[in-house]
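Structure first, then comments.
Taken together, the values in this text are just the output of simple stated rules run on the coordinates, not laboratory data. Remember, predicted model here, so these are calculated numbers, not experimental data. Here the Cβ is made from the backbone with ideal geometry for all residues, glycine too, and neighbour counts use every protein chain on show.
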């Protein structure tokens, strides 16, 4: 998804003289960075593994 978002930003938002295009380009770069952050750090508390583990822990207690 990060690569796809980066490619679409470079493909569709290439007119940096237009402020709307520049804002959309920067938005897509930020989204791509967010995808890379999830890849590197993992989903953490929002992952399905964490939810399942917390439910199992609650059922055991």
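Here the calculated FRET efficiency for residue 17 and residue 37, from their Cβ-Cβ distance with R0 = 25 Å, stands at 0.25, rounded to the nearest 0.05. Stretching residue 58 away from residue 46 to a fully extended chain increases their span by 2.6 nm, per 0.36 nm per residue minus the current alpha-carbon distance. Across the chain, Cα pairs under 8 Å and at least six residues apart give a relative contact order of 32 percent. So what is log10(I(q)/I(0)) for the chain at q = 0.16, 0.20, 0.26 1/Å, when the Debye sum runs over its Cα atoms only? So the normalised log intensities work out to -0.61, -0.75, -0.96. Helix-only arithmetic for the chain: the sum of -39500 (n - 2.57) across DSSP H runs with n ≥ 4, divided by the residue total, places the mean residue ellipticity at 222 nm at -25500 deg cm²/dmol. Angle of helix 48-60 to the longest C-alpha principal axis of the chain, folded into 0 to 90 degrees and rounded to 10: 20°. By the count of neighbouring beta-carbon atoms within 10 Å, fewest first, 61, 54 end up ordered 61, 54. Just checking the listed ones, 46, 25, 16: in the Gaussian network model of the chain with Cα springs under 10 Å, the one fluctuating most is 46.
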